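The values are calculated or read from the model by the stated rules, or taken from the named source; none is laboratory data. Remember, it's a predicted structure, so these values are computed and weren't measured experimentally. Positions of Cβ are backbone-derived with ideal geometry, glycine not excepted, and every protein chain shown enters the neighbour counts. Heavy atoms of the whole protein, side chains included, go into the accessibility calculation; ligands, DNA and RNA do not. Shrake-Rupley method; radii C 1.70, N 1.55, O 1.52, S 1.80 Å.
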Amino acid sequence: MDYNLHIFVNSVEFIAKVIDLAKLAPEQVKTVCSTSGDNAEVNRRKLGKAYAIGQPSDPVRKINFYTSTCFEGCDLYDENGVTFIVSDGNKSHTLLDISTLFTQICGRLRDSKYKGEIIHVYSTTKYSRDVTLDEFVAATKKTLREAVQYADEINSLSDTARKKTLSKIKYINEQYVRIEDNRLIVDKNLANMDIVNFKICRHIYRTYVNLTSELQRNGYTITRHTFSEIIEKIESNANARITFKELFDEYRRLKTTRPFFSLDNHEELCARIAVKYPLVKQAYDELGTDKVQALKYHVGNIRRELTKQMRLPSEYKIVKMIDTVFPKQTLIPKSKAKTELQRIYDDLGIRQTAKAADLAK
């Protein structure tokens, strides 16, 4: 299938890194970025002397990069063009509001046979999840109300009193307030910008679920995704109920597949599961998928099997397996204790009949 890549990402550093990692030749690449003021020199230095900064109307190359200079009001023509939008969670200036710039970009390729499909390559942000969008909006509106009240009180003074008062203030320690023509001005646009930036960086791109919901809310249909729903679940809800089977199968999937156009590394995702659920990694590394499946993902049986494989004296293994089988601080009938102990002997290949007296050892 013949196609050309049109990659929209607001970061020349990112473009330069892709060119370097993919070892792209200058004739394979077209890069359109800012050349105004000092940007021309800075961007040329980032890209390297061999890679020219082009214009939107320049001939299409196999791989075409565009920064924010082409996000709006720029028509591109390529029947074989496929649109990629890159949002790197580590670079806030690459994160786009879905309802505005993201949608604008989707219309840039005018005549492409693939214009109904967009590939969004993204990673989530690393910000704290302690403050919700609703809480931030409420706090910002409260700050704005206080700023308006403060400005009204100062501005209500006589011209002489206001001038004296403002002359004694070295700087305005009030958010969204500035001095202009001997009066206090409240910039409501700054408050709105704070809310929009918070929504984009700390809400929409904070979790895969949020981003998916925002895309769907704006009319996009998601046909394929690469994020881990299991990891999203355990990281967004500390009390989430997830079975060992779900965790193990997801760990195995991440270990045995490669990311499809994703900025997230599968090994890094696996590490996040392993830190929180070390038994999953241990079972995968030491027992393997077939054995875990044969044990029907039963945690107790998996622990027993792992103990059996330990290179330790039999007495230690018996104690370890008793610890996983027998409930703590609970009376156990003698007959049941002997049965369980006999099963441990059999599992360990110890040819011995279990007796109640053995438990005292």
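Summarising the amide proton neighbourhood of H120: residues at separation of 5 or more, or on other chains, whose placed amide H is nearer than 5 Å comprise I85. Under 5 Å between amide hydrogens, built in the peptide plane, is the criterion, and for N218 it picks out nothing among residues at least 5 positions away or on other chains. Rounded, prolate or oblate: which one fits the range 73-177, using the alpha carbon gyration tensor with axes a ≥ b ≥ c (rounded when a/c is under 1.5, else prolate when a/b beats b/c, else oblate)? Here the range 73-177 falls in the prolate category.
For each pair in K142/K170; K91/K233; K91/K170; K199/K233, compute the distance between the two Cα atoms and list the pairs where it is over 27 Å.
K91/K170
The 3J(HN,Hα) values that the Karplus relation (6.51, -1.76, 1.60; θ = phi - 60°) gives for the range 188-196 are, in residue order, 5, 5, 5, 5, 5, 5, 4, 5, 4 Hz. Gly and Pro appear as x. Work out the FRET efficiency for N189 and R241 from their Cβ-Cβ distance, taking R0 = 41 Å, and round it to the nearest 0.05. According to the calculation, E is roughly 0.35. Solvent exposure of the range 2-76, expressed per residue, is 53 Å² of accessible area, with all protein chains present and a 1.4 angstrom probe. For V32, nonlocal amide neighbours, meaning residues 5 or more places apart or on other chains whose placed amide H falls under 5 Å from its own, are G54, F65, Y66, T67.
Note on the range 83-198: with neighbouring protein chains present and a 1.4 Å probe, carbon and sulfur make up 50 percent of its accessible heavy-atom surface.
Each residue of the range 135-147 was assigned a 3J(HN,Hα) from its phi angle through the Karplus curve 6.51 cos²θ - 1.76 cosθ + 1.60 (θ = phi - 60°); the sequence is 5, 5, 4, 4, 5, 5, 5, 5, 4, 5, 4, 5, 5 Hz, with glycine and proline shown as x. The string of couplings for the range 14-25 from the Karplus curve (6.51, -1.76, 1.60, θ = phi - 60°) is 5, 4, 4, 5, 5, 4, 5, 5, 8, 6, 7, 7 Hz, one whole number per residue in order, with x for Gly and Pro. Extension gain for V299 to N155 (0.36 nm times residue separation, less C-alpha to C-alpha distance): 44.9 nm.
Were the residues from A40 through R162 laid out at 0.36 nm apart, the gain over their Cα-Cα distance would be 39.3 nm.
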